[in-house]
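For reference, the structure is listed below as structure tokens.
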Amino acid sequence: MTEYNFFTNVYDVARQIPSGRVTSYGAIASYLGAKRSSRVVGYAMQVAGSVKPPVPAHRVVNRLGQLTAATHFGGNTMAQLLESEGVTVIKDQIQDFDKVFLDPTVELAL
DNA sequence: GTCGTGACATCTT
DNA sequence: AAAGATGCCACGA
């Protein structure tokens, strides 16, 4: 009995994000058909570290491309991971965000 | 069981 | 056009 919550749905999409790519809350929310529920998407990421399988929350950032999640990760760990995947991140700010940005409604266009 | 807060975004005035 | 207010779901106390 899989608890199909909005969270679970977000995790599913986030796990479909390839390495070196990033997405925004609104994009995922929109993909799920709940644009205004962007807040819930963000909260899902918070618990993402407590969910199975682990979700690459470091690939999910806000609309500005800022690693706002780093606050919960406990440091710059998130930025280091992104750089490790080929994403340039400076001071919790993704560079070339337009290039690494991936839209689930486009790439994952179901 | 109820109230409030939270990795944001969108809609309205 | 910009600024302000609202909305959504889940979890914590």
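List of remarks:
- Within chain A, helix-based [θ] at 222 nm, where runs of 4 or more DSSP H residues each add -39,500 (n - 2.57), nearest 500: -10500 deg cm²/dmol
- Amide H contacts under 5 Å for A:Gln93, placed H, 5+ residues apart: A:Leu67
- Note on chain A: GNM, Cα springs under 10 Å; of A:Gly75, A:Gly42, A:Gly20, the largest mean-square fluctuation is that of A:Gly75.
- Over chain A: Rg over Rh, Cα atoms, Kirkwood Rh: 0.94
- Within the listed set A:Leu64, A:Leu82, A:Leu32, the Gaussian network model of chain A (springs between alpha-carbon atoms below 10 Å) gives the highest mean-square fluctuation for A:Leu64.
- Taking a sphere under 15 Å around the Cβ of A:Val41 and counting the other residues whose Cβ falls inside, with K and R at +1 and D and E at -1, yields a net charge of +4.
- Cα-based reach from A:Lys52 at 15 Å (exclusive), listing aspartates and glutamates while leaving out same-chain residues under 8 positions away: A:Glu3, A:Asp12
- 10 Å Cβ shell holding at most 14 others, DSSP loop, trypsin sites (Lys or Arg not before Pro): longest site-free stretch of chain A: A:16-62
- Using the 1.4 Å probe convention, the accessible area of chain A works out to 59 Å² per residue with neighbouring protein chains retained.
- Surface share of carbon and sulfur [accessible, 1.4 angstrom probe, percent] for chain A: 49
The values are calculated or read from the model by the stated rules, or taken from the named source; none is laboratory data. Predicted model only: the values in this text are computed from it and were never measured. So basically every Cβ, Gly included, is an ideal-geometry build from the backbone, and we count neighbours across all protein chains shown. Note: areas computed on protein heavy atoms with side chains; ligands, DNA, RNA excluded. Shrake-Rupley method; radii C 1.70, N 1.55, O 1.52, S 1.80 Å.
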